[in-house]
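Working notes for the structure below.
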Amino acid sequence: MRKPPAHISFLNAFRGVFLMIKTERNFQIELIAFFINLFLIFYLPLSGTDTLLILIVSFAVLSAEIFNTAIEKICDLIQPDFDKRIGFIKDIAAGAVVLMAILSVIVGILVYWKYIFG
């Protein structure tokens, strides 16, 4: 099978992001948090390093959610009925998102604290 041209690959990738926005509630919530962070980046005089840290953890949470959703969809395709083993896999994938979200909150507190209360 031939690979599609690069521009088609990019279009497919962005279509995946738009599908996440359209169908996944957790991704929508995390996207709202991302936009709040964008607002704070422009509203507060963040240093370049602090801006980069916020952007990295924000995109990491969104990416983790995309991977989690992909794993869940594959599991549902392989085993549509309830299966403890599939549940275990889904829980592990969701755990990765939770850990990344916790890290992002910690980074956000550490970064924004000095600009808001410092």
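The values are calculated or read from the model by the stated rules, or taken from the named source; none is laboratory data. Keep in mind it's a predicted model, so treat the numbers as computed, not measured. Every residue, glycine among them, receives a Cβ derived from its backbone with ideal geometry; neighbour counts consider all protein chains shown. Each accessible area value is taken on the protein alone, full model and side chains, heavy atoms only, with ligands, DNA and RNA left out. Shrake-Rupley method; radii C 1.70, N 1.55, O 1.52, S 1.80 Å.
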Margin query: Whole angstrom only: what separates the Cα centroid of the stretch 3-37 from the Cα centroid of the stretch 51-103?
Written below: 15 Å
Item checked: Efficiency of FRET from Cβ geometry, VAL98 and GLN28, R₀ 22 Å, rounded to 0.05 -> 0.80
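So what is the 222 nm mean residue ellipticity for the chain from helices alone, if each DSSP H run of at least 4 adds -39500 (n - 2.57) and you divide by all residues, rounding to the nearest 500 deg cm²/dmol? Working shown, then result.
Working: 4 runs with 101 residues, N = 118.
-30500 deg cm²/dmol, from helical runs alone.
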Next item on the list: Could you state the accessible area per residue of the chain in Å², with a 1.4 Å probe and every protein chain left in place?
Entry: 74 Å²
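Using 0.36 nm times the number of residues separating SER9 and PHE39, minus their current alpha carbon distance, what extension gain do you get?
Details: separation 30, 0.36 × 30 = 10.80 nm, distance 3.04 nm.
Difference between extended and current length: 7.8 nm.
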Next item on the list: Pop out the carbon and sulfur fraction of the accessible area of the chain as a percent, whole number, probe 1.4 Å.
Entry: 74 percent
Check: How far is it, in nm, from the label point at LYS84 to the one at SER63 when both lie 7 Å from their Cα along the line to the Cβ?
Finding: 3.5 nm
Next item on the list: Scan the stretch 1-44 for trypsin sites (Lys or Arg not before Pro) in coil per DSSP, keeping those whose Cβ has at most 11 other Cβ atoms within 10 Å, and list them by number.
Entry: ARG2
